[in-house]
Amino acid sequence: YPWGQEAFDKAKKENKPIFLSVGYSTCHWCHVMEEESFKNKEVGEIMNENFVCVKVDREERPDVDKVYMTFVQATSGGGGWPMSVWLTPDLKPFAGGTYFPPEDRFHHAGFRTVLLRIAEQWKENKDALLESSQKILEVLLYRSEIGVRGQESPPPSKEVMAACFQQLSSSYDKDYGGFSESPKFPTPVNLNFLFTYWALHRTTPEGARALQMALHTLRMMAHGGIHDHVGQGFHRYSTDQHWHVPHFEKMLYDQGQLAATYSRAFQISGDEFFADVTRDILLYVSRDLSDQAGGFYSAEDADSYPTTASREKREGAFCVWAAEEIRALLPDRVEGATEGTTLGDVFMYYYGVEETGNVSPMKDPHQELKGKNVLIARSSPELTAAKFGREPGRLGALLREGRQRLATARAQRPRPHLDTKMLAAWNGLMISGFAQAGVALAEQDYMSRAAQAATFLQKHLFDPTSGRLLRSCYRGEDNTVEQSAVPIQGFLEDYVFVIQALFDLYEALLEQSWLEWALQLQHMQDKLFWDPKGFAYFSSEAGDPSLLLRLKDDQDGAEPTANSVAVTNLLRAACYSGRMEWVEKAGQILAAFSERLQKIPIALPEMARATALFHHTLKQVVICGDPQGEDTKQMLRCVHSVFSPNKVEMPSHGDSAGFLYRQLPFLASLQRKDGKATAYVCSNFTCSLPVTSTQELRGLLCP
C-alpha cells in the first residue's frame, strides 16, 4: 500500500503491525532487497499474512522518512536505505533496521527470521511492544526538539566562522581534496562556506588556505571517476580516497549545486577549467534530465544491463570500459607522434586505462567491475604530450575526439533507469545552478533555461488559488506532465529552494515577476512552517495526523538543510522588501541553532556561512540607468563578474510605479550622475557616494 488512510485502517481493523519500507528509485540496496525478499513468494506470504505492508519513496515523502529514520538511528546507531521499520497500527515504531539479507548470515538475522520473530512477539507480547513504542516516542520527541531556550541571541559570527574553518581544515585531504578519507562526497555546502570565508578574509593566510582547499577539491573531483568524462555530469559519491570509483547514480540535486559551485570557482579564479566543468554539467542536465515541458527529472540509476542480451543489471555497466573496447574504437594512428602511436594509446594513458581493468577488487565487492576501467584523468596534458612526442596544445582535440567516439558507442548500450518524477525542491536547486552559471559565464541561454524551468514550476507545481507549492509531478503517457490523484503538498525544503532559485533568477534577468513570486512564497512559508515558540521552521506543516513528530533538520549534508538556506533567503527578502521582521526571523533561526553552531559548525557549514551574512548585513547594489544602455550593461556585467557573497542586486530605471519602488521608497532618491549609468552600494538603506566607472564599483564590492 502507499502511505495513507487505507493501509492504516486495514492495520487497525485486522490488528496487524505495519511493515514500512522506505527507499528511493536509484537506491542500489533497495533494488537488491526487492529482488531477494519482496519478490520471493514465501517471504511475500509471510509479509501479507502478518503485516500490512507500506512502501514510501523518501524523495516524495521526506517528512515520513525523517520521522522513522530518527527512530532507526536512535535505536540501532546507524541508518540508511532501504529503511525497514515495524509500526503499531497507530504508526508508532517499535522495531527497525535497514537492509536485511533474505536468510541468516553470520551475525546478521535474515529478513525471513526477523519477520517471523516480530509476528510472534506481536501475538505473544503485544502490550509490552505497545508500551515500549510509547516510551521510545517520548524520548524521540524530547531529543528532536530544536529551539530557543530563554533569551538566546544569534551566536557570534567571527567565532562560528573560525571554528567551522578549523574543523574543515583539520579534516581536509591535502593530496586529493575533499574532507574525509573514503567514501568521499562532493558536499558543495563545504566549498561554498570556504568561498565565503575567503571573501571575508581575502588578505589573510587562512583566507588563502580556504580558497586553495575549495579549488583543489573541485579540480580533483573534475579529474576523478566521480565525473563522467564521456557522458558529462557527476555521479553521487566516490567509494575511495582518489575520487576514482563512484557509486554511479546521478542525482539532480548534485548537478544543480555543483553547477553553481563551479561557476563561483570560475568567478573567483578566472580559470576557464571551472567554466568548462560548469558547461559540462549543464549539458548533461539539458540533454538527459530535462522534460520537454521545462522541468527537471530527479535521477539516473547506477545499475543497468551490460548488453541488450543481459539478464542481470550491474552497477556502472553503462559507464565502464574494457581496454580492448577502447583500442577497437580508437585505432587511428596519431600524426606527428612517436612511431606507431594510436589515438587509443594516448587516450588510455591520459585516462589511466589498464589492460586488466583499473578498479581495485577492494572497491568492487560484487566483482561487477572486474576487468573494467573507470576513466580518471591520471596524467596531465603536458606529461601525456611529452610521452608521445606531441605538443600539449594539440592534445585537447585528440582527447575530445576519443570521448566523442566512446559516447557514440555508449549510446548503443541499454541505458540506466531514469527517475522521471519532478520535485519542486530539486528543480529549485537546478534553476539556481542555471541562473548562477548564466551570470558568472555571461551565458544568456542558461538564464533562459532557468526561466523556462521556473515557468514550469508555476504551471505544474504551484496552486495559484491557495498560493501553495506542490512537492512533485510526473512524466506521464505521451510525455504529458501528470499529478498524483492526491497531490503531495510542498515541504519546507520545497519553499526554501524555490525561493532561493527565484532570487537567483531575478538577479540574472532582473524580471520583477520572479521577485514578487519569491516574496509571496516567503509569506506562505512563514505561515505554514514557522515555530513561534522555539523559533526556526519545521520541516513539515502542522495538521497531518499520520506524522508523529514535526522535526527540524540540523545537518547540512548532500543538500543544505532548509533552515540554513532560509536564513539567507530571509536576509535577501528583507533587502528587496524593506520588511525588517524578516531580518529578525533570520536572527531567531541562528539563535535556535546557536548551541550546534558553536560546538560543531562543520555539521552546518551553510548556516555558519549565513551567520556571517547576518552580522555583516547585505549590500544592496543599485544600478541607475537605461536598461538597454551599453553603460548600464557594463555596470551589470561588473556586478556579475565579482564574487561577493553578501550582495543583492537591483536595478533602478526610474519606474516609480514599479514593484521595487513601492517596496523601497529610498530608491526614488537615487539618481544618475552626469547622465551616465550610476551605481550605489547601500547597507541598511544608507548608500555610498555614486560611482560611474566599473573600476570604482569593483572597489566597493571587494573592499
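The values are calculated or read from the model by the stated rules, or taken from the named source; none is laboratory data. What you see is a predicted model, and the numbers here were worked out from it, not measured in a lab. Methodologically, a virtual Cβ is constructed for each residue, glycine included, from the backbone with ideal geometry; neighbour enumeration extends over all protein chains shown. Calculation scope for accessible area: heavy atoms of the full protein, side chains included, ligands and nucleic acids excluded. Shrake-Rupley method; radii C 1.70, N 1.55, O 1.52, S 1.80 Å.
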In the stretch 634-672, residue surrounded by the most Cβ atoms within 10 Å (Cβ to Cβ) [restricted to those that are more than 32 Å from the chain's Cα centre (by Cα) and charged (D, E, K, R)]: ARG672
- request: Please enumerate the residues belonging to the stretch 173-197 that are buried (at least 21 other Cβ atoms within 10 Å of the Cβ) and polar (S, T, N, Q).
  value: THR187, ASN190, ASN192, THR196
- line: Note: among GLY357, GLY344, GLY294, just one is buried (at least 16 other Cβ atoms within 10 Å of the Cβ), within 30 Å of ALA453 (Cα to Cα) and small (Gly, Ala, Ser), namely GLY294
query: When only residues in the stretch 28-43 that are more than 12 Å from ASP57 (Cα to Cα) and in contact with a strand residue (DSSP E or B) (Cβ under 9 Å, 6 or more places away or on another chain) count, which is most open to solvent (accessible area, probe 1.4 Å)?
result: TRP29
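Within the stretch 377-441, which helices (runs of 4 or more DSSP H) (wholly inside it) include 1 or more residues that are surrounded by 16 or more Cβ atoms within 10 Å (Cβ to Cβ) and either outside the structural domain of ALA259 (by the TED database) or without any contact (Cβ under 8 Å) to a residue 12 or more places away in the chain (or both)?
Working: elements: 381-387, 392-410, 424-440.
Those helices (runs of 4 or more DSSP H) span 381-387, 424-440.
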query: Do we find that SER669 is closer than 23 Å to THR617 by Cα, without any contact (Cβ under 8 Å) to a residue 40 or more places away in the chain and in contact with a strand residue (DSSP E or B) (Cβ under 6 Å, 6 or more places away or on another chain) in this structure?
result: no
- request: Determine which member of the set VAL43, VAL64, VAL54 is outside any helix (DSSP H, G or I), at pLDDT 95 or above and either assigned by the TED database to the domain that holds PHE111 or of a type in the set (A, V, I, L, M) (or both).
  value: VAL54
query: Only one of (1) surrounded by fewer than 20 Cβ atoms within 10 Å (Cβ to Cβ); (2) modelled with pLDDT of 95 or more; (3) part of a loop (DSSP other than H, G, I, E, B); (4) of a type outside the set (Gly, Ala, Ser) fails for GLU324. Which number is that?
result: (3)
task: Mind listing whichever residues of the stretch 5-27 are surrounded by fewer than 16 Cβ atoms within 10 Å (Cβ to Cβ) and either assigned to a helix (DSSP H, G or I) or assigned by the TED database to the domain that holds PRO246 (or both)?
output: GLN5, GLU6, ASP9, LYS10, LYS12, LYS13, GLU14
field: Sole residue being among the charged types (D, E, K, R), more than 17 Å from the chain's Cα centre (by Cα) and either under 17 Å from ALA603 (Cα atoms) or buried (at least 21 other Cβ atoms within 10 Å of the Cβ) (or both), chosen from GLU138, GLU159, GLU249
entry: GLU159
- request: Tell me, yes or no, whether the stretch 612-623 has at least one residue that is in a helix (DSSP H, G or I), in contact with a helix residue (DSSP H, G or I) (Cβ under 8 Å, 6 or more places away or on another chain), open to solvent by less than 10 Å² (accessible area, probe 1.4 Å) and of a type in the set (A, V, I, L, M, F, W, C).
  value: yes
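ARG550: over 27 Å from LEU571 (Cβ atoms), open to solvent by 20 Å² or more (accessible area, probe 1.4 Å) and within 23 Å of the chain's Cα centre (by Cα), yes or no? First the steps, then the outcome.
On the way: over 27 Å from LEU571 (Cβ atoms): no; open to solvent by 20 Å² or more (accessible area, probe 1.4 Å): yes; within 23 Å of the chain's Cα centre (by Cα): yes.
Here the answer is no, as ARG550 does not meet what is asked.
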field: Residue satisfying all of: in the stretch 198-229; touching a Leu at 6+ places or on another chain (Cβ under 8 Å) and open to solvent by 10 Å² or more (accessible area, probe 1.4 Å); nearest to VAL277 (Cα to Cα) among these
entry: HIS229
message: For the stretch 67-82, give me each residue that is under 18 Å from ILE146 (Cβ atoms), open to solvent by less than 20 Å² (accessible area, probe 1.4 Å) and touching a residue at least 60 places away in the same chain (Cβ under 8 Å).
response: VAL67, PHE71
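For every residue, the table says whether it meets (1) open to solvent by 20 Å² or more (accessible area, probe 1.4 Å); (2) in contact with a Ser or Thr (Cβ under 8 Å, 6 or more places away or on another chain); (3) in a helix (DSSP H, G or I); (4) of a type in the set (Val, Ile, Thr).
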site: GLN555; (1), (2), (3), (4): yes, yes, no, no
site: GLU559; (1), (2), (3), (4): yes, no, no, no
site: ASN569; (1), (2), (3), (4): no, no, yes, no
site: ALA573; (1), (2), (3), (4): no, no, yes, no
site: TYR576; (1), (2), (3), (4): no, no, yes, no
site: GLU584; (1), (2), (3), (4): yes, no, yes, no
site: GLN588; (1), (2), (3), (4): yes, no, yes, no
site: GLN598; (1), (2), (3), (4): yes, no, yes, no
site: ILE602; (1), (2), (3), (4): yes, yes, yes, yes
field: Checklist (1) within 30 Å of LYS313 (Cβ to Cβ); (2) without any contact (Cβ under 8 Å) to a residue 12 or more places away in the chain applied to GLU335, failing item
entry: (1)
- prompt: Does ASP544 satisfy the condition of being in contact (Cβ under 8 Å) with a residue 40 or more places away in the chain, outside the structural domain of VAL621 (by the TED database) and more than 23 Å from the chain's Cα centre (by Cα)?
  reply: yes
query: Of all residues in the stretch 455-503, which are at pLDDT below 95, part of a helix (DSSP H, G or I) and not polar (S, T, N, Q)?
result: GLU477, ASP478
